Amino acid sequence: MAAATLPIIDLDLFRQDPSSQAAKEECFKAADALITYGALVVKDSRVTEEDNGSFLDVLEDYFALPEEELKKDERPEYGYQVGVTLENTEKPKCKSDDVCLKIIEKLEASERPLDILAHGADPKCRFFWKMTETPPYKTAFPSLNMPNVVPEHFKDVWAPT
């Protein structure tokens, strides 16, 4: 069986004219990629090959740090919505939520997750970087007020976005 190739989403189409037919098609392509693969490749003409290489090098160095160093960047108080989430931290909600399981039962077979009950905790380690701006008003939602995490070991190279 051949390996699947992730779709490439051209961000420039959206940046040029978000309401164009080409931009809308690219949005549908992105949504379909996330539904099918849970991932996609973004093409952005503002990013050079050198920038991309530097970014990947920093991430590889970051994830090679010992677990005790990575743990310093965890923010469970924000639901792990910024900073690092270590392996086997997140667990599928529906596996232990009767209401969620009943909703899945009602879905057409083609719309259901493949095997929700067999999955344990998520085995990947990931890093979240919030891409939104702080709202210009007071909010009681901690997820809107949380600061991004800049890893101590990379504070000189972890450029703000």
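The values are calculated or read from the model by the stated rules, or taken from the named source; none is laboratory data. This one's a predicted model, so the numbers in the text were calculated from it and none came from an experiment. Don't worry about glycine lacking a Cβ; one is built from the backbone with ideal geometry, like all the others, and counts go over all protein chains shown. Just so you know, the surface numbers come from the protein's heavy atoms only, side chains and all, with ligands and any DNA or RNA stripped out. Shrake-Rupley method; radii C 1.70, N 1.55, O 1.52, S 1.80 Å.
Observations
- Of the set (1) assigned to a helix (DSSP H, G or I); (2) at pLDDT 85 or above; (3) of a type outside the set (Val, Ile, Thr), all apply to Asn148 but (1).
- Selection count where residues are open to solvent by 70 Å² or more (accessible area, probe 1.4 Å) and at pLDDT 80 or above, scope region 112-127: 2
- Lys102 assigned to a helix (DSSP H, G or I), at pLDDT below 90 and open to solvent by 70 Å² or more (accessible area, probe 1.4 Å): yes
- Val47 meets all of the listed conditions (1) closer than 25 Å to Val149 by Cβ; (2) part of a loop (DSSP other than H, G, I, E, B); (3) open to solvent by 80 Å² or more (accessible area, probe 1.4 Å) but one, namely (3).
- Residue check for Gly83: open to solvent by less than 80 Å² (accessible area, probe 1.4 Å), farther than 28 Å from Arg15 by Cβ and over 16 Å from the mean Cα position of the chain (by Cα): no
- Taking first residues from region 71-92 that are closer than 14 Å to Cys125 by Cα and partners that are part of a strand (DSSP E or B) and open to solvent by 60 Å² or more (accessible area, probe 1.4 Å), the Cβ contacts under 6 Å between residues at least 6 apart in sequence or on separate chains come to Gln81/Phe128; Val82/Phe128.
- Residue that is nearest to the chain's Cα centre (by Cα) [pool: residues in region 70-80 that are modelled with pLDDT under 95 and loosely packed, with under 15 Cβ neighbours inside 10 Å]: Gly79
- Here is the figure for region 7-21: residues that are surrounded by 13 or more Cβ atoms within 10 Å (Cβ to Cβ) and in contact with a helix residue (DSSP H, G or I) (Cβ under 7 Å, 6 or more places away or on another chain) total 5.
- Selection within region 55-99 - part of a strand (DSSP E or B) and acidic (Asp, Glu): Glu74
- When residues of region 134-161 are limited to those that are farther than 16 Å from Glu74 by Cβ and under 17 Å from the mean Cα position of the chain (by Cα), the one surrounded by the most Cβ atoms within 10 Å (Cβ to Cβ): Leu144
- Residue match in region 30-44 (condition: over 22 Å from the mean Cα position of the chain (by Cα), hydrophobic (A, V, I, L, M, F, W, C) and loosely packed, with under 10 Cβ neighbours inside 10 Å): no
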